[in-house]
There are 2 protein chains.
Amino acid sequence: MQKIIAVLVLAGVASASFAQQTLKPEEMIKFRKAGYSFMSWNMGKIKANLDGTFNKDQVIAAANLVAATANSGMGALYAPGTDKDVAGEKTRLKSEFFQQPDKVKELAMNFSKEANELAKVAATGDVAAIKAQFGKTGGACKACHEEFRKD
Amino acid sequence: MQKIIAVLVLAGVASASFAQQTLKPEEMIKFRKAGYSFMSWNMGKIKANLDGTFNKDQVIAAANLVAATANSGMGALYAPGTDKDVAGEKTRLKSEFFQQPDKVKELAMNFSKEANELAKVAATGDVAAIKAQFGKTGGACKACHEEFRKD
């Protein structure tokens, strides 16, 4: 039931007709933190390529991972109640996340758009364009952190 | 230096010319665990779709995430010494991982092959073919767990 609500909250992002796994709240927190953590490693790789020696294949692979994460339907990992530490699994999610569904949807859709554009631009190998799109994607991450993540 | 060695160990999987981030051993352990954890959520979603109501879009998104993870060059997250808990970051990696580079390479390349095939088959929407390829991909995960992961 909690999961169905979570999916509906992000109905604009994730289809409500998705098959549902049975996940405990602490598993949701664990998986979503894992997704952001692994994505941050890949964003870091793109940054290292832009700041140092540029390897097109590595940047494409990293950008594809960022886009695939953005497209993975993480809205299903935000059931009400998961704004609090559960069973030892800590979260920095602010309670406002569940009170501002329109803002969440707006930020999630913008992140998705920028991440998919990053993968598209990465495939071209145009370093200046990748740098610009990397900035926009990082900005989309940051916009959500500022709104809904505790320091 | 440790990272360079780690990359060379998996030279057949990850190009040694990759730009390198400066990561601490505990960060390597954290990021690789995050990658596997988030991937397991996506494998679980595919399983839920195969066992229940099949949603092609969700399966494609999950399979793309699995493939993108397989293609992300995780070999760089295996520096020697990261077979032990570091700075509170726990790992189940067996020391044998660093003693059997040929076996590691074989298992990693096989996983990569099966994961990319899963993404390809998912795009067709052929449920029977996806089920078969999901089994092969899960088998490739398991083969490495049995060899190099402590229980």
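The values are calculated or read from the model by the stated rules, or taken from the named source; none is laboratory data. Keep in mind the model is a prediction, meaning the values are calculated, not measured. Glycine gets a Cβ as well: all are built from the backbone with ideal geometry, and neighbour counts include every protein chain shown. Accessible surface is based on the protein model in full, side chains and every heavy atom, while ligands, DNA and RNA are left aside. Shrake-Rupley method; radii C 1.70, N 1.55, O 1.52, S 1.80 Å.
Does residue A:16 satisfy the condition of being open to solvent by 10 Å² or more (accessible area, probe 1.4 Å) and either facing another protein chain (nearest Cβ under 9 Å) or modelled with pLDDT under 95 (or both)?
Numbers: open to solvent by 10 Å² or more (accessible area, probe 1.4 Å): yes; either facing another protein chain (nearest Cβ under 9 Å) or modelled with pLDDT under 95 (or both): yes.
Yes: the conditions hold for residue A:16.
Test residue B:79 against the stated conditions and say whether it is of a type in the set (Gly, Ala, Ser), open to solvent by 20 Å² or more (accessible area, probe 1.4 Å) and either part of a loop (DSSP other than H, G, I, E, B) or under 30 Å from residue B:126 (Cα atoms) (or both). Spell out how you get there, then give the answer.
On the way: of a type in the set (Gly, Ala, Ser): yes; open to solvent by 20 Å² or more (accessible area, probe 1.4 Å): no; either part of a loop (DSSP other than H, G, I, E, B) or under 30 Å from residue B:126 (Cα atoms) (or both): yes.
Taking the combined requirement at face value, the residue does not satisfy it.
Of the numbered conditions (1) open to solvent by less than 60 Å² (accessible area, probe 1.4 Å); (2) touching a residue at least 40 places away in the same chain (Cβ under 8 Å); (3) not charged (D, E, K, R), residue A:109 fails exactly one; give the number of that condition.
Of everything listed in (1) open to solvent by less than 60 Å² (accessible area, probe 1.4 Å); (2) touching a residue at least 40 places away in the same chain (Cβ under 8 Å); (3) not charged (D, E, K, R), residue A:109 misses just condition (1).
Residue-by-condition table, conditions (1) open to solvent by 50 Å² or more (accessible area, probe 1.4 Å); (2) within 30 Å of residue B:83 (Cβ to Cβ); (3) in contact (Cβ under 8 Å) with a residue 12 or more places away in the chain:
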{"site": "B:122", "(1), (2), (3)": "no, no, yes"}
{"site": "B:125", "(1), (2), (3)": "no, no, yes"}
{"site": "B:132", "(1), (2), (3)": "yes, no, no"}
{"site": "B:135", "(1), (2), (3)": "no, yes, no"}
{"site": "B:138", "(1), (2), (3)": "no, yes, yes"}
{"site": "B:145", "(1), (2), (3)": "yes, yes, no"}
{"site": "B:148", "(1), (2), (3)": "no, yes, yes"}
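Condition first: over 16 Å from residue A:34 (Cβ atoms) and not in a helix (DSSP H, G or I). Now tell me which residues in the stretch B:59-76 satisfy that.
Those that are over 16 Å from residue A:34 (Cβ atoms) and not in a helix (DSSP H, G or I): B:71, B:73.
Among the residues of the stretch A:27-54, which ones are assigned to a loop (DSSP other than H, G, I, E, B) and either acidic (Asp, Glu) or in contact (Cβ under 8 Å) with a residue 12 or more places away in the chain (or both)? First the steps, then the outcome.
First, the residues of the stretch A:27-54 that are assigned to a loop (DSSP other than H, G, I, E, B): A:52-54.
A:54, the sole residue that qualifies.
Determine whether residue A:50 is at pLDDT 95 or above and closer than 19 Å to residue A:108 by Cβ.
Details: at pLDDT 95 or above: yes; closer than 19 Å to residue A:108 by Cβ: no.
Criteria not met by residue A:50.
Being out of contact with any helix residue (DSSP H, G or I) (no Cβ under 6 Å at 6 or more places or on another chain), at pLDDT 95 or above and not in a helix (DSSP H, G or I) narrows it down to one of A:113, A:84, so name that one.
Answer to the check: A:84.
So how many residues does the stretch B:113-138 have that are among the small types (Gly, Ala, Ser) and more than 18 Å from residue B:45 (Cβ to Cβ)? Working first, answer last.
First pass over the stretch B:113-138, keeping only residues among the small types (Gly, Ala, Ser): B:115, B:119, B:122-123, B:125, B:128-129, B:132, B:135, B:138.
Subset that is more than 18 Å from residue B:45 (Cβ to Cβ): B:128.
Selection size over the stretch B:113-138: 1.
If I filter the stretch A:87-100 down to residues being part of a loop (DSSP other than H, G, I, E, B) and farther than 19 Å from residue A:142 by Cα, which single residue comes out as most open to solvent (accessible area, probe 1.4 Å)?
Of the stretch A:87-100, the ones part of a loop (DSSP other than H, G, I, E, B) are A:87-88, A:90-92, A:94-95, A:100.
Those left that are additionally farther than 19 Å from residue A:142 by Cα: A:87-88, A:90.
Numbers: A:87: 82, A:88: 76, A:90: 137 Å².
Checking each candidate, the answer is A:90.
Looking only at residues in the stretch B:51-68 that are within 21 Å of the chain's Cα centre (by Cα) and more than 8 Å from every other protein chain (Cβ to nearest Cβ), which one is most open to solvent (accessible area, probe 1.4 Å)?
Start the filter on the stretch B:51-68 by keeping residues that are within 21 Å of the chain's Cα centre (by Cα), which leaves B:58-68.
Filter once more, so that each one left must be more than 8 Å from every other protein chain (Cβ to nearest Cβ): B:59-60, B:63, B:66.
Values: B:59: 2, B:60: 40, B:63: 0, B:66: 0 Å².
Among residues in the stretch B:51-68 that are within 21 Å of the chain's Cα centre (by Cα) and more than 8 Å from every other protein chain (Cβ to nearest Cβ), the one most open to solvent (accessible area, probe 1.4 Å) is B:60.
Examine the stretch B:34-42 for a residue that is at pLDDT 95 or above, out of contact with any Gly (no Cβ under 9 Å at 6 or more places or on another chain), open to solvent by 10 Å² or more (accessible area, probe 1.4 Å) and farther than 16 Å from residue B:133 by Cβ, and state whether such a residue exists.
yes
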